[in-house]
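First comes the structure, then the notes that go with it.
The values are calculated or read from the model by the stated rules, or taken from the named source; none is laboratory data. Since the model is a prediction, treat every value here as computed from it, not as a measurement. As a convention, Cβ positions derive from the backbone with ideal geometry for all residues, glycine included, and neighbour counts pool all protein chains shown.
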Amino acid sequence: MKAPPFEYIRPAQLQDAIAALAKHGPDAKAIAGGQSLVPMLAFRLTAPRFLVDIGRIPDLNRIIIADDAIRLGPLVRWRDIERSAPLQRAHPLLCEAVRHVAHYQIRNRGTVGGSLAHADPAAELPGIAVTCDATIVLESPRGQRSIAAREFFLAALSTALAPDELIVELSLPPWPPNRRWSFVEFARRSGDFALAGVAVFYDVGPNGQAINVRIGAIGIAPTPLRLTAVEAVLEGRTVTQSVIRATGTAACNSVDPADDIHAPGQYRRALFGVLTERAVAKAGGITLREDDA
Amino acid sequence: MLSSSVVRFTVNGKPVTATVEARMTLADCLRHELKLTGTHVGCEHGICGACTIIMDGAAVRSCLVFAMQAEQADIITVEGLAAADTLSPLQASFRKHHALQCGFCTPGILTTMHALLSEEPDASAERVREVLSGNICRCTGYVSIVEAVLDARTAYANKAAGGAAL
């Protein structure tokens with residue numbers, strides 16, 4: 001359980017980090033908080049020859065709340081999100097999801113950029129990024145490019161990040177004040193990766209109906225998913241017991257999780273249906289009638 | 001063979017220097033290079049919490065930090081909690097409540113709870129349990145640990161109000 005040998009590089013500036021990544025290409029890997037990468041190294045699931053530590057680069061830990069977007073630097077830690085009162089108001093769904101990330105000690109060190117780059121299928125932040133239609137900004141010697149979160153996550157632990165690119169920002173669309181939302185996940189042990197999780201949000205139309213519905217899932221596919229078929233069930237309707245049940249049924253029908261060592265696919269599918277019902281009920285402020293569920 | 005590098009940081013108030021391979025974790029550096037064996041190593045992949053230390057005020061798993069990343073950091077290990085031979089209020093509370101049996105997990109729990117109560121001296125039982133979920137104890141069943149932590153809160157609240165150092 002010791003990491004394979006590597007050379008350690010600690011650039012002082014962003015340009016130095018990008019130059020180091022460009023120089024060493026696929027032999028190099030950026031490390032920030034290291035809360036996903038160090039276990040990967042300990043298990044020898046990856047063995048880069050160079051680790052480029054971006055942890056000391058200034059200004060990469062900024063949280064900017066503007067009218068047009070909420071921007072998080074790659075070195076923003078879960079702890080920073082949890083403790084930012086302005087962010088609780090500016091993006092409550094993000095903050096609630098982050099409270100589910102791993103354990104206290106991990107949240108003190110794990111970062112936004114690290115979670116996105118690691119791309120665990122059950123990780124909370126990638127799920128929020130896809131559900132919210134976030135944009136990820138990447139920088140390389142060729143300059144900056146922006147990529148939609150839904151196009152960034154390619155497969156489990158696999159992203160569109162090129163070897164010489166560094167994540168420099170996660171940009172979330174602004175959050176209207178009266179939006180209804182919830183985030184629900186289930187893990188067998190507190191702090192474990194979730195077996196499944198769901199994020200729901202919608203705005204309230206003039207007649208109290210749900211509009212602009214977004215429903216996203218984690219843990220049930222190789223990447224986080226937006227489930228437009230489930231969104232369509234809720235779109236334009238008010239949240240009632242029967243609508244909640246219909247979203248749960250649609251959720252089960254929308255996903256096809258594979259069997260793995262943690263759970264059979266059928267179990268995960270059923271779990272996801274239940275979690276979707278709970279999430280929609282919670283977003284709507286309705287107590288789910290368990291006998292009907 | 002890869003070359004070693006020198007890393008400098010502070011442990012329990014004392015400046016230290018160690019010559020380490022880049023791949024050496026902070027946990028191994030503390031134990032093998034600095035001979036501070038109070039920090040225990042359990043799972044070596046960030047699950048068990050036994051190796052928790054306090055880095056620049058925040059509880060972190062020292063098996064998930066490379067020693068080189070600790071350059072210029074301020075580190076507190078379990079050895080740094082007590083003043084000389086006098087138990088800290090948290091340690092004394094663990095003794096009073098029988099909050100340990102084999103003691104393997106205890107250094108990580110003490111450092112975690114010291115960091116928590118230093119920042120949140122009014123932490124609720126629910127909060128203590130939530131944070132404690134990052135530390136695996138196979139002996140106690142956690143009940144006595146929660147009681148010990150809750151009982152120690154007064155000392156931290158007094159400290160926050162300008163009382164004696166912990």
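A few points about this structure:
- Some residue of the range A:218-225 being surrounded by 18 or more Cβ atoms within 10 Å (Cβ to Cβ) and at positive phi: yes
- Test: residue in the range A:91-101 that is within 14 Å of another protein chain (Cβ to nearest Cβ) and without any contact (Cβ under 8 Å) to a residue 24 or more places away in the chain: yes
- The sole residue among B:Ser93, B:Ser88, B:Ser62 that is surrounded by 16 or more Cβ atoms within 10 Å (Cβ to Cβ), polar (S, T, N, Q), touching a Cys at 6+ places or on another chain (Cβ under 7 Å) and within 25 Å of B:Cys139 (Cα to Cα) is B:Ser62.
- Residue selection: B:Glu130 fails the criterion of being within 14 Å of chain A (Cβ to nearest Cβ) and either farther than 22 Å from A:His103 by Cα or surrounded by fewer than 16 Cβ atoms within 10 Å (Cβ to Cβ) (or both).
- Residues of the range A:140-172 satisfying the condition of being surrounded by 20 or more Cβ atoms within 10 Å (Cβ to Cβ), of a type in the set (D, E, K, R) and more than 22 Å from A:His91 (Cα to Cα): A:Asp164, A:Glu165
- Selection of the range A:250-293 for residues being free of Cβ contacts under 8 Å to residues at least 40 places away in the same chain and in contact with a strand residue (DSSP E or B) (Cβ under 7 Å, 6 or more places away or on another chain) yields only A:Val255.
- Pick from the range B:96-126, criterion among the small types (Gly, Ala, Ser) and exposed (fewer than 15 other Cβ atoms within 10 Å of the Cβ), ranking: farthest from B:Ala58 (Cα to Cα): B:Gly103
- Cβ-Cβ under 9 Å pairs, at least 6 apart or on other chains, the range A:108-124 side under 16 Å from A:Glu96 (Cβ atoms), far side of a type in the set (Ser, Thr, Tyr): A:Ser115/A:Ser36; A:Ala123/A:Ser36; A:Ala123/A:Ser115; A:Glu124/A:Ser115
- Among all residues of the range A:67-89, there is none that is within 14 Å of chain B (Cβ to nearest Cβ) and touching an Asp or Glu at 6+ places or on another chain (Cβ under 8 Å).
- Within the range B:19-37, considering residues that are more than 14 Å from every other protein chain (Cβ to nearest Cβ) and not hydroxyl-bearing (Ser, Thr, Tyr), the one surrounded by the fewest Cβ atoms within 10 Å (Cβ to Cβ): B:Lys35
- Test: A:Gly25 is assigned to a helix (DSSP H, G or I), at pLDDT 95 or above and at positive phi: yes
- Among the residues making up the range A:41-52, those that are facing chain B (nearest Cβ under 9 Å) and either surrounded by 18 or more Cβ atoms within 10 Å (Cβ to Cβ) or of a type in the set (Val, Ile, Thr) (or both) are A:Leu41, A:Ala42, A:Leu51.
- Summed over the range A:122-147, the residues that are among the aliphatic types (A, V, I, L, M) and either in a loop (DSSP other than H, G, I, E, B) or more than 17 Å from A:Val200 (Cβ to Cβ) (or both) give a count of 7.
- The set of residues from the range B:46-93 being farther than 29 Å from A:Phe193 by Cα and in a loop (DSSP other than H, G, I, E, B) comprises B:Glu71, B:Gln72, B:Ala73, B:Leu81, B:Ala82, B:Ala84, B:Asp85, B:Leu87, B:Ser88.
- Conditions (1) in contact with a strand residue (DSSP E or B) (Cβ under 9 Å, 6 or more places away or on another chain); (2) surrounded by fewer than 21 Cβ atoms within 10 Å (Cβ to Cβ); (3) touching a residue at least 40 places away in the same chain (Cβ under 8 Å); number of the one not met by A:Asp67: (1)
- A count restricted to the range B:140-159 and to residues that are free of Cβ contacts under 8 Å to residues at least 60 places away in the same chain and surrounded by 15 or more Cβ atoms within 10 Å (Cβ to Cβ) stands at 12.
Conditions (1) surrounded by fewer than 21 Cβ atoms within 10 Å (Cβ to Cβ); (2) within 17 Å of B:Asp28 (Cβ to Cβ); (3) in contact with a strand residue (DSSP E or B) (Cβ under 6 Å, 6 or more places away or on another chain), marked per residue:
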{"residue": "A:Pro5", "(1), (2), (3)": "yes, yes, no"}
{"residue": "A:Asp16", "(1), (2), (3)": "yes, no, no"}
{"residue": "A:Ala28", "(1), (2), (3)": "no, no, yes"}
{"residue": "A:Ile54", "(1), (2), (3)": "no, no, yes"}
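- Just one of the listed residues (A:Trp181, A:Trp175) is assigned to a loop (DSSP other than H, G, I, E, B), among the hydrophobic types (A, V, I, L, M, F, W, C) and modelled with pLDDT of 95 or more, and it is A:Trp175.
- Residues that are crowded, with 24+ Cβ neighbours inside 10 Å and either part of a helix (DSSP H, G or I) or at positive phi (or both), drawn from the range A:77-96: A:Trp78, A:Leu94
- Residue within the range A:150-161 that is closer than 22 Å to A:Glu231 by Cβ, touching a residue at least 40 places away in the same chain (Cβ under 8 Å) and either assigned to a loop (DSSP other than H, G, I, E, B) or within 12 Å of the chain's Cα centre (by Cα) (or both) present: yes
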